[in-house]
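Below is one structure, written out as structure tokens; comments come after it.
The values are calculated or read from the model by the stated rules, or taken from the named source; none is laboratory data. Please read all numbers here as calculations on a predicted model, not as lab measurements. Quick reminder, even Gly has a Cβ in these numbers, built from the backbone with ideal geometry, and neighbours come from all protein chains shown. Surface areas here come from the heavy atoms of the whole protein model, side chains and all, with no ligands, DNA or RNA. Shrake-Rupley method; radii C 1.70, N 1.55, O 1.52, S 1.80 Å.
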Amino acid sequence: MDATNPRDEEHDGKNKHRVCASEDLLEGGRCHVRVGGRYVSVLRVGGKLHAIDSVCFHAGGPLALGDLEDVDGRTCLSCPWHHYKVTLDTGEKLYKALEKVEGRLVPGDWRSVGKRQRIHPVREEDGVVYVWLDLRGDLASDQSACDPVCGQSFSKENREDAPLGAECEWKAPA
């Protein structure tokens, strides 16, 4: 399923959450909101929208505040706590493998341990950004996605920097 174009039959209005005005989410911007009890961040990268659970699956860190990095041609968030690389398009955790060459370990290719972070369909309609929560199956990020202690990292009161490109804070979408 393409996260930027959810199919209407799978994403009806009941699970549709207004995040922000399109004009408030500029290229490279991030909007952090709480929808359905989950801390979710929407990012505009390369002209595409991505929605991902804000809190890192690994240890409850502020994943969505991490740097964006290109990892082997894939756009990833790098968790600021432990530098885990999580893809924006699938929520997979990537790692740099080690290979034994002539008796020595050397860096190998990037590999995936599989999907660990929940991503959600997101799109723009009539100048508004909407997210549909996709809660199918169990993922590691579910453990901390609703935890207010972990989520407090995204509140303006607890950070020096405001979300980029948007005035969004943790709030219930209108």
Largest first, please: the extent of the C-alpha atoms of the stretch 53-114 along each principal axis, to the nearest Å. 42, 23, 19
Exceeding 21 Å between C-alpha atoms, which entries from my cross-link table qualify? They are 16/48; 16/115; 16/93. 16/115; 16/93
What's the ranking of 40-50, 132-142 by average number of surrounding C-beta atoms within 10 Å, highest first? 40-50, 132-142
Among 117, 146, 103, the residue whose Cα sits farthest towards the positive end of the charge dipole of the stretch 91-147 (+1 at Cβ of Lys and Arg, -1 at Cβ of Asp and Glu, taken about the Cα centre) is 103
Could you tell me what percent of the accessible area of the stretch 1-141 is made up of carbon and sulfur, with a 1.4 Å probe and every protein chain present? 45 percent
With every protein chain kept in place and ligands, DNA and RNA left out, what is the accessible area per residue of the stretch 13-65? Probe 1.4 Å, answer in Å². 34 Å²
Hydrodynamic radius by Kirkwood for the stretch 1-152, inverse mean 1/r across distinct Cα pairs, in Å, is 16.0 Å
